[in-house]
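Computed from the coordinates by the stated procedures, all read-outs in this text should not be read as laboratory data. Fair warning: this is a prediction, and the values are worked out from it, not measured in the lab. Glycine gets a Cβ as well: all are built from the backbone with ideal geometry, and neighbour counts include every protein chain shown.
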Amino acid sequence: MKVLRAEVGPVVADSKNLPWPQAPEVAFVGRSNVGKSSLLNRLVGRKKLAYTSSAPGKTRLIHFYSVDRSTGRIWFVDLPGYGYAKVSKRESKSWRPLVEGYLDSERPLAVAILLQDIRRNPGEDEQRLLDWLTVRGISVLVVVTKADKIKPGRRKQALRGICSKLALEQTQLVVTSSQTGEGTEKLWQGINSGLEQMRTLA
């Protein structure tokens, strides 16, 4: 997928102040240290479009990114960690309405990208989030991140564990690495499929 231009868009601290929809959107959600920003940068071919931090939990806002492609413009939406960051429970709870407020709003959301670190098994939060999105009829892609951080011999076992926890087949996962670029084209294919499905249903 050829990205012609990618730019930082609006930053939102309250789901009541979401910008007026201008193009189809792709939302990225997951643990605060799952590698959302790095994957966003890899997808658009930019090193510093999305801010990455060594301290998990720093992204506490909704970040919009305008992505112009040869096939038209879309928006990437980087949602804050879904209550996973290593911060106080009070802070964590304050982010939940922000994330759910976006996902539950009438946005032109083509697909939600649920990110999962290959080195960790999904917890109850990830399982509930997947169910939450599915019940609302939101198209979901489960994307495994940081594939380069695990030895090849352990990959199959790790992927089996993720599939078991989320009740998925391995073919339903997109395995990626923001460092090597693995899975980038397959992820774009999944995004394009969600965009096409949204156009068909419109």
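A crude spin-label estimate for the pair R73 and N192, with each label 7 Å from Cα along the Cβ direction, gives 2.1 nm.
Per-residue extension of 0.36 nm, minus the Cα-Cα distance of Q127 and R5, leaves a gain of 40.5 nm for this segment. If you take the charge dipole of segment 3-201 about its Cα centre, with +1 on Lys and Arg Cβ and -1 on Asp and Glu Cβ, which of I118, G153, V3 is farthest toward its positive end? Of I118, G153, V3, it is G153.
Here segment 3-201 is assigned +1 on the Cβ of each Lys and Arg and -1 on the Cβ of each Asp and Glu. Its dipole about the Cα centre then comes out at about 820 debye.
Of the peptides 32-40, 102-110, the ranking by mean beta-carbon count within 10 Å, highest at the top, reads 32-40, 102-110. Between T134 and L61, the FRET efficiency estimated from the beta carbon spacing at R0 = 30 angstrom works out to 0.70. Over the Cα atoms of the chain, the radius of gyration divided by the Kirkwood radius equals 0.93; this is the Rg/Rh ratio.
When the C-alpha to C-alpha distance is required to be over 28 Å, the pairs from K16/K165; K48/K149; K2/K156 that qualify are K16/K165; K2/K156.
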